[in-house]
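Bear in mind these aren't lab numbers, they're just calculated from the coordinates by the rules spelled out. Note that the structure is predicted; figures quoted are calculated from it, not measured.
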Amino acid sequence: MLVAETLINEKAKVRQTEVREKPVRSLLKALSWRITGSLDTILLSWLFTQNVNTALAIGLSEVLTKTLLYYLHERAWNRVRFGTG
């Protein structure tokens, strides 16, 4: 009986210490990543087109869609237990 109790208590401790990201953290990570990614896209677009306006249009238009996609991807992976212990 003591062994079973110990195992149950250990499992409870593990559950309490599991790290789950809050949605706001995922959102902030998505935004910071998108800023980095968008700067990269703008730079590459400018190098290929040699046109600053086109580069800015390409870089800025992808910010919203890719931010949303990253956020949804991050939240979905937060539900997956694979590789978490």
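3J(HN,Hα) along segment 24-31: 5, 5, 4, 5, 5, 5, 4, 5 Hz, from the Karplus curve 6.51 cos²θ - 1.76 cosθ + 1.60 with θ = phi - 60°, whole Hz, x for Gly and Pro. The spread of Cα positions in segment 21-79, taken along each principal axis and listed from longest to shortest, comes to 43, 14, 13 Å.
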